[in-house]
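Working notes, structure below.
Every read-out reported here was derived from the displayed coordinates using simple, explicitly stated rules and does not represent laboratory data. Given the structure is predicted, the values throughout are model-derived calculations rather than measurements. Don't worry about glycine lacking a Cβ; one is built from the backbone with ideal geometry, like all the others, and counts go over all protein chains shown.
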Amino acid sequence: MESPIVTLHQLGYLLQEIRGQRGLTQRQLGLRAGFGQSAISALESNPGSAKMERIFQLLAALDLEIVLRERKHHLAEHEW
């Protein structure tokens, strides 16, 4: 599975979607990642407020990685 993410909103939505596909509750994922259910909720609803370290912990708990590549098209500034 590959899912390009260009906005923080997309990141939160995708994390929630993958968690659900894997049949994990926020609490279960939090236990895997090493933090509480409320932190998972906050990351899914507002990932922009999270430290990168937390995001990487969550990605590791979901067995995901980040891949950087050039965009296929230029985004308008307001899309950030």
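Considering the stretch 8-62, its Cα convex hull presents a mean projected area of 3.0 nm². Helix 8-21 axis versus longest C-alpha principal axis of the chain: approximately 40°, rounded to the nearest ten.
Relative to the longest principal axis of the C-alpha atoms of the chain, give the angle of the C-alpha long axis of helix 52-61, reported between 0 and 90° and rounded to the nearest 10°. With rounding to tens, the tilt is 60 degrees. Within the stretch 6-34, whose backbone N sits under 16 Å from a point 7 Å along Cα→Cβ of VAL67? Only 6 fall inside the zone, counting backbone N under 16 Å. The fewest-to-most ranking of VAL67, VAL6 by surrounding Cβ atoms within 10 Å reads VAL67, VAL6.
In this rough spin-label picture, where each label sits 7 Å from Cα along the Cβ direction, the LEU59-HIS9 distance is 2.2 nm. Among HIS73, HIS9, the order by Cβ neighbours within 10 angstrom, fewest to most, reads HIS73, HIS9.
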